[in-house]
Amino acid sequence: MPRPVTSREVAQFVGIHVAMGTLKFPSPRLYWENLTKVPLVADSMPLSRFLELSRMLKLACPAKDPVNSNVQEGRCDSDFQNAQQGQPHSSRQSEIGQPDMLNELSSSQTQTDPLWKAQPLLCRFKAGCQSLRKEGDYAVDQYPLPLTGKMHNKKLSLYCTTLVGFGGLLLHVDLKLGQSSKQDAVEKMVPKGSMVFLCKQELSTPAMLERLLVAGVHGAGRVGGARGQIGDEFVSSDGKLMLRRSHCGFILSTAGNNQRNMASLMDNFEKAQMSAQVNRDLQNLYSIPLTASAPTCWPQAVLWYLTDLALVNSWLLYRQDHKAVSAPLTLMAFRLEVSKSLILSNGCDAQDSVPPQTPREKPHTTNEKPNPSLVGESPLPDAATRFDGSGHWPEQLGEGEGGRCRYGDCQRTSRVLCLKCCVFLCISRNHNCFLNFHNQGSLGKE
């Protein structure tokens, strides 16, 4: 009987994959070989256990039935392959026989969405990207995501439509099986009242731009044509679209977008293309390899793709916050630091056996002290974990979530959770309990 998997092993498994995507050895076994051994990887987990986890670990929807997980695994994979072949999806609900276990998923989704298993990951990722949005212009890019680990295999791939801000930050991602709904994807991800530049010529169609205009979004994109001098302009009969000649071809845009100046439009279009290209280049520089075996590897392909996107976004934010630093971390060094934190994460037995549950409370006013009876407090971590200086990442929870700050006698309510210690701690201009809690020198001041 296989040994049970702990939450710590899952963190190490993810950290090892991040390291592999950064160091890029051609075979996973090389990280354990004597000649090419990488201590960060080899000393954290035996090769046999890593290969076992690669076979065992699969993405699971929170609402799935654990008793019939194997049935759902097979059904999910067949649903995906059927969708690739244009065949209708069968209902998992009838096979499982327990429709109440799937009450969090709409019946239409469970029967028609072969990507149902990746949806919780996508929702969490999109929520994080949503907090990064700022007013301004955007770039839209689109490209295929191979799901087998082989770039030449175009039969098993998703189409990724991304919204990128000027500067390279990814602000939204949409994954679809085909390109038939690309207009829907672009329309839904672009904020109303903004200006968007379509970086793929396939997206730059009159129908797309008119649809965006109806949704309150101005757009522009290159449609090919002979290159020439800037100046010629052609306006559609209804006055909605304008075709302009530029040094890189014809640019089709919506009229009345306050960018009548062709030089300004071209400057912003080139910035948009550069931002989208920077994001793509950073993604392609380091990508986590697929170690799972086909045909069940595609959910992990989505997981590692989103992980790489999150690492790129995190590094770009790190660079923004450390502009004054003389030698900030490179993307490679940043990824290895994240990998190290995951691999060396040290949780107590309770955290290993049961995933930490986020305490919930009713929202309080700023002057009202929380009622302890409303908040389920987690026990304080041991000193070795609390002060080890590794893997203490803060997570900002949503409205109505949180608990009492656990530093000293602080009575404030916080929505910032230390993911390693599983306790709430204040982070503000005047009260940085999060930093003090993990500083051993402040232990006697509590």
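Here are the numbers:
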{"read-out": "Fewest-first sequence of 426, 410 by Cβ atoms within 10 Å of each Cβ", "value": "410, 426"}
{"read-out": "Within-11-Å neighbourhood charge of residue 3 [Cβ basis; K, R +1; D, E -1]", "value": "-1"}
{"read-out": "Environment charge of residue 136, counting only residues whose C-beta is closer than 15 Å and scoring Lys/Arg +1, Asp/Glu -1", "value": "+1"}
{"read-out": "Which listed pairs, of 271/323; 134/420; 24/188; 176/340, have C-alpha distances above 27 Å, in listed order", "value": "134/420; 24/188; 176/340"}
{"read-out": "Gained length - residue 6 relative to residue 47, 0.36 nm times residue gap less alpha-carbon distance", "value": "13.1 nm"}
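Every number here is computed from the coordinates shown, using simple stated rules; none is lab data. Because the structure is a prediction, the values reported are computed rather than measured. Positions of Cβ are backbone-derived with ideal geometry, glycine not excepted, and every protein chain shown enters the neighbour counts.
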